[in-house]
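Below is one structure, written out as structure tokens; the observations come after it.
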């Protein structure tokens with residue numbers, strides 16, 4: 001193993017406690033959670049050790065640690081999932097304790113046991129609790145024994161697809177087929193009929209084997225119109241367990257959480273107390289120590305049912321920290337060092353509201369497929385009031401195909417839910433990322449959605465509100481007027497700069513247009529733009545819209561006050577106009593002199609190349625299987641190939657009837673985005 005010595009970070013506190021809880025902690029993880037744990041360690045005066053794979057040699061968590069140890073090649077099974085390598089790194093560096101973060105080995109009882117055998121403290125729950133709660137089947141049996149409400153289901157691993165059908169029919173469709181060792185939305189499929197049960201069994205089994213090394217799956221009833229609400233618990237080694245309120249995690253896509261908040265807009269004090277009491281009872285039943293989360297599914301009548309217990313720190317823990325004022329990582333470290341919890345249940349107070357959005361390197365226009373590459377530009381809104389950014393990337397860093405494509409967790413918090421949502425929206429508008437595709441516009445569209453603002457949430461929110469995928473936020477009249485005004489001011493400022501360029505020939509200089517035809521969102525508005533104090537007046541909507549801004553051409557962020565309201569937008573010059581991104585809308589705008597606009601409307605549009613006879617890989621990944629051969633006739637909807645990316649299986653199906661003419665790739669090949677897999681006759 002190679003070890004990197006790190007210099008002392010400039011932002012480390014000048015004076016550390018005389019007797020730290022641990023002298024040195026190794027973080028057995030990567031990315032934003034590794035950086036998050038390091039921040040608390042540094043505040044407590046504890047030295048940190050990072051571990052890294054070859055793909056992460058230049059990662060931010062490696063740069064921020066005091067020491068860093070290479071543990072293997074890029075694939076996680078050869079690096080971050082190697083228990084022996086992590087134990088060896090602890091011995092090599094003298095780390096006294098390990099924080100596992102989330103994912104990887106965080107809920108692996110064998111890992112906790114190996115650390116214990118080596119005399120290294122595991123900053124997490126006792127391994128018995130990890131083993132008991134890590135198995136979804138056994139955890140449901142324990143929950144029922146502890147008198148915790150559970151979802152009806154068949155808590156025995158399925159033998160094959162036919163048993164999946166038999167059990168599903170007995171429970172009653174729809175059902176959820178779930179990996180016993182699953183988590184993070186992997187190894188889960190909803191089935192509405194026998195065919196979907198068979199395919200769901202196969203896909204969930206394969207995904208579970210790939211992600212967790214455990215292919216057992218089971219079936220339970222799928223609750224319709226559900227909310228996903230979880231309770232944060234914290235226990236110590238002295239038998240004390242408390243809960244820290246709930247988090248609403250209903251905004252999900254393919255069972256992956258997208259936006260989380262604390263508290264829930266749906267839960268009343270009575271339900272909160274009941275859910276909290278059951279979560280604490282379950283934790284006490286397994287003598288739980290450290291941070292954990294008890295997840296519930298809640299129906300429209302506030303009936304709640306136990307789903308699973310995550311025996312680790314959750315991705316969405318920052319929203320709980322914002323409303324409780326507690327540092328959950330610090331509490332985990334102190335509990336692991338043998339201290340008692342610093343507060344009782346009666347001392348837990350919730351104040352304000354916090355909403356977290358997960359910023360991913362993915363392409364919403366292509367079905368949210370992962371996007372990999374280098375962050376050529378990266379500017380996080382870290383200094384905005386009421387905004388928290390937890391990230392593990394930096395400008396020039398790379399998003400790898402080997403791991404989860406998360407860029408950051410962005411949190412808006414304030415005194416009320418509306419204030420938290422407004423701050424989140426503003427921070428999304430200010431988050432500047434180039435080099436990879438990302439989901440910021442999608443997150444903005446959700447945060448601005450009337451149904452979201454009203455708190456009418458279910459786990460079906462995204463499927464119901466974006467049934468055809470995400471095409472951008474729809475333009476209402478108010479938003480359209482605002483974007484027209486922005487485009488007009490952008491063009492006016494650009495014209496003023498061009499008019500001021502010296503050396504222009506007399507009679508051929510660039511003039512400043514005072515009337516513009518602004519085209520965006522499928523419509524054109526003719527407006528006047530005149531300079532006024534403190535900016536410009538855009539006229540053409542029955543009354544002037546006043547835009548006050550100091551924006552200059554070349555700035556990526558357009559900050560303005562429009563009719564007394566602060567507005568942020570990302571702007572980019574294009575060949576014919578401007579690309580403007582604001583609150584979930586991404587529009588291409590042109591702002592031309594009216595006569596030029598009229599002539600431009602007559603120009604023919606260039607047609608896109610016809611690729612309909614090819615099956616193209618929609619993402620970079622591994623071609624796991626090709627289900628057809630040359631000469632075979634296929635029907636629309638029939639499976640053609642399976643591509644794996646970020647450990648998620650993606651089944652590619654025929655869009656039409658046809659005959660396979662040629663195979664361009666085979667099972668085991670690595671694919672680039674839009675690479676040909678096969679060709680139709």
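The values are calculated or read from the model by the stated rules, or taken from the named source; none is laboratory data. What you see is a predicted model, and the numbers here were worked out from it, not measured in a lab. Cβ sites come from the backbone with ideal geometry, for glycine too, and all protein chains shown count toward neighbours.
The figures follow:
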item	result
Residue match in region 563-586 (condition: in the same structural domain as residue 516 (by TED's automatic domain parsing), touching a strand residue (DSSP E or B) at 6+ places or on another chain (Cβ under 9 Å) and part of a helix (DSSP H, G or I))	no
Criterion: without any contact (Cβ under 8 Å) to a residue 60 or more places away in the chain and more than 27 Å from residue 102 (Cβ to Cβ) - qualifying residue of 194, 215	194
Conditions (1) in a strand (DSSP E or B); (2) at pLDDT below 95; (3) crowded, with 17+ Cβ neighbours inside 10 Å; (4) touching a strand residue (DSSP E or B) at 6+ places or on another chain (Cβ under 7 Å); number of the one not met by residue 181	(4)
Residue in region 241-252 that is surrounded by fewer than 18 Cβ atoms within 10 Å (Cβ to Cβ) and either in contact (Cβ under 8 Å) with a residue 24 or more places away in the chain or touching a helix residue (DSSP H, G or I) at 6+ places or on another chain (Cβ under 9 Å) (or both) present	no
Within region 225-255, considering residues that are within 24 Å of the chain's Cα centre (by Cα) and not in a strand (DSSP E or B), the one nearest to residue 302 (Cα to Cα)	226
Whichever residue in region 112-125 is out of contact with any strand residue (DSSP E or B) (no Cβ under 8 Å at 6 or more places or on another chain) and either without any contact (Cβ under 8 Å) to a residue 24 or more places away in the chain or outside the structural domain of residue 95 (by TED's automatic domain parsing) (or both) and, among such residues, is farthest from residue 153 (Cα to Cα)	119
Boolean, residue 642 is closer than 24 Å to residue 399 by Cβ and outside the structural domain of residue 402 (by TED's automatic domain parsing)	yes
Filtered residues of region 76-117 (kept if farther than 21 Å from residue 289 by Cβ, part of a loop (DSSP other than H, G, I, E, B) and over 31 Å from the mean Cα position of the chain (by Cα))	94
The one condition in (1) modelled with pLDDT under 95; (2) out of contact with any helix residue (DSSP H, G or I) (no Cβ under 9 Å at 6 or more places or on another chain) that residue 302 fails to fulfil	(2)
Residues located in region 417-458, provided they are in a loop (DSSP other than H, G, I, E, B) and touching a strand residue (DSSP E or B) at 6+ places or on another chain (Cβ under 9 Å)	431, 435, 436, 437, 438, 439, 455, 457, 458
Which numbered condition residue 522 fails, given (1) surrounded by fewer than 18 Cβ atoms within 10 Å (Cβ to Cβ); (2) within 30 Å of residue 378 (Cα to Cα)	(2)
Residue match in region 464-476 (condition: under 20 Å from residue 356 (Cβ atoms) and part of a helix (DSSP H, G or I))	yes
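Matching residues to (1) outside any strand (DSSP E or B); (2) in contact with a helix residue (DSSP H, G or I) (Cβ under 9 Å, 6 or more places away or on another chain); (3) surrounded by 12 or more Cβ atoms within 10 Å (Cβ to Cβ); (4) touching a residue at least 40 places away in the same chain (Cβ under 8 Å):
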residue: 597; (1), (2), (3), (4): yes, no, yes, yes
residue: 604; (1), (2), (3), (4): yes, no, no, no
residue: 607; (1), (2), (3), (4): yes, no, no, no
residue: 615; (1), (2), (3), (4): no, no, yes, yes
residue: 649; (1), (2), (3), (4): no, yes, yes, yes
